Amino acid sequence: MRCGLLGEKLGHSYSKAIHERLGGYSYELIECPRAELDAFMKGGSFDAINVTIPYKKAVIPYCAALSLIAERIGSVNAVIRKRDGSLYGDNTDAYGFMSMVKKSGVDIAGKKAIVLGSGGASATICAVLGELNAKSVAVISRSGQDNYENIQKHADAEIIVNTTPVGMYPNTGVSPVDLSVFKGCKGVLDIVYNPHRTALLMQAEELGIPCMGGLNMLVAQAKRAAELFTGTSIPDSRTDEIERELSLNMQNIVLIGMPGCGKSTIAAALGKRLNRAVRDSDEATEAQAGMSIPQIFALHGEDAFRRSETEALSKLGRQSGLIISTGGGCVTRQENYPLLHQNGIIIWLTRSIDALPTDGRPISQRSDMHALYAARKPLYERFCDIITDNNGSVESTVESIMEALK
């Protein structure tokens, strides 16, 4: 079968990896300029394709028939060539969003919802929210009757769904709305899947609001599309398996801990074990400053070093699939947490204080290490997702981390 994803600019798409796990067919990323869309759709060079921005409406005139859901919402993201050569358009995003809502545990029935964004995905999400018996659904756009300037009139919204690209890689760290406006919010869903946690989702976490990102939707809609492409049934369990695998592969593994606790050594071993690129935040800080860390401290002081370190972490934290070794004091700046948490699993490496070396470490050399640890311990606890002892061999520590990641 000749399958693929049609879009104008595809960038960092995970669709190829997902489909080749699901269907056993080749799957290509097809970047098509608008001027070439007509020739592509009429050329007969595919058996089945997914369709993404900006062509979900543009492909409709080429389809001889549409599914009921595609016709109702006026959006197609799956096109299948029938035996007679005609094209059939369907929409699997609705299936994917339904799966996402179900897995999130967020109850839609009887609640007021707002949908951020009026693009192609918005109509699909509104249709699903209606099927799930939302009390009302308002679409918030940049202009029109309901917009971001007057969003306060929807402060009673209980469900918030983001369908905009705000907060998506590489422009992470920004949010379309401030959740503190919505005092009765009971669920936040963001269809963005890179980074793993958008700024919107991280604020929801902080406020204790149930929330979920778009990776499950991405995999579930691909599963449904693969069923349409192949005419076979695929177990729902495959969605969970592929989502778990992708989630781990996409997220960074971030090592924090006291200076000298072995972060660089364990990072290198993990990188070799998982075949991942390894990055050291101290090295990144030195590279952008053009001098060593002791020189930065001597010439500009600790505050300047911390600012430069945060800049380095900002660049590293928004990437995917890295092993990141951090400086021992990165936890002293709270603004570093969202930079690392947005796309990372944070592991605190612990080691006996008396075993920590101090050579080449300005703060360690001038500090009582026991007092320094006492001050930083609650900060490491606040940042970390996993705690791993590193008093044994490198091999045993790596095995402990691998087991925890499962």
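Quick note: the coordinates plus some simple rules give every number you see, no bench work behind them. Bear in mind that the values here come from a model prediction, so they are computed numbers and not experimental data. Ideal geometry is used to build each Cβ from the backbone, glycine not excepted, and the neighbour counts take in all protein chains shown.
Odds and ends about this structure:
- Across the range 392-403, coupling constants 3J(HN,Hα) worked out from phi with the 6.51/-1.76/1.60 Karplus curve, θ = phi - 60°, read x, 7, 4, 4, 5, 5, 4, 4, 4, 5, 4, 5 Hz, and Gly and Pro carry x.
- Taking the number of Cβ atoms within 10 Å of each Cβ as an exposure proxy, the fewest-first ranking of Val174, Val137, Val166, Val192 is Val174, Val166, Val137, Val192.
- With all pairs of separate Cα atoms included, the chain yields a Kirkwood hydrodynamic radius of 23.3 Å.
- Sites Arg366 and Thr332 - FRET efficiency at Förster radius 22 Å, r taken between beta-carbons, to 0.05: 0.90
- Distance between the 7 Å Cα→Cβ label points at Asp354 and Asp156: 6.6 nm.
- The overall shape of the range 282-406, judged from the alpha-carbon gyration tensor, is oblate: a/c is not under 1.5, and a/b is no greater than b/c.
- Phi angles across the range 168-175 convert, under the Karplus curve 6.51 cos²θ - 1.76 cosθ + 1.60 with θ = phi - 60°, into 3J(HN,Hα) values of 7, 3, x, 8, 7, x, 10, 10 Hz, Gly and Pro given as x.
- Long-range amide H partners of Gly173 with built H, under 5 Å: Ala199
- Virtual paramagnetic centre 7 Å along Cα→Cβ of Glu131, amide N under 15 Å, in the range 31-74: 67-74
- Cα gyration tensor shape of the range 95-216, rounded if a/c is under 1.5, else prolate or oblate by comparing a/b with b/c: rounded
- Sequence-distant residues sharing a close amide H with Ala134 (under 5 Å, placed H): Gly110
- Near Leu29, the amide H atoms lying under 5 Å from its own belong to Leu5; only residues 5 or more places off or on other chains count, and H is placed 1.01 Å from N.
- Two-site label geometry, Ala374 and Lys272: point separation in nm, points 7 Å out along Cα→Cβ: 3.9 nm
- When the helices of the chain are scored as -39500 (n - 2.57) per DSSP H run of n ≥ 4 and the total is divided over every residue, the value at 222 nm lands at -12000 deg cm²/dmol.
- Phi angles of the range 157-166 translate, via the Karplus equation with coefficients 6.51, -1.76, 1.60 and θ = phi - 60°, into HN-Hα couplings of 4, 9, 10, 10, 10, 9, 10, 8, x, 5 Hz per residue; Gly and Pro are given as x.
- Going from the fewest other Cβ atoms within 10 Å to the most, the residues Met258, Met202 appear in the order Met202, Met258.
- Ranked Asp240, Asp93, criterion: other C-beta atoms within 10 Å, fewest first: Asp240, Asp93
- Residues Asp303 and Arg72, FRET efficiency given R0 of 60 Å [Cβ-Cβ distance, rounded to 0.05]: 0.55
- Computed from label points 7 Å out along Cα-Cβ, the spacing between Asn249 and Asp389 is 3.4 nm.
- Our estimate of slack between Val181 and Tyr25, defined as 0.36 nm per intervening residue step minus the Cα-Cα distance, is 51.5 nm.
- Euclidean distance between Cα centres, the range 284-340 to the range 199-277, Å: 25 Å
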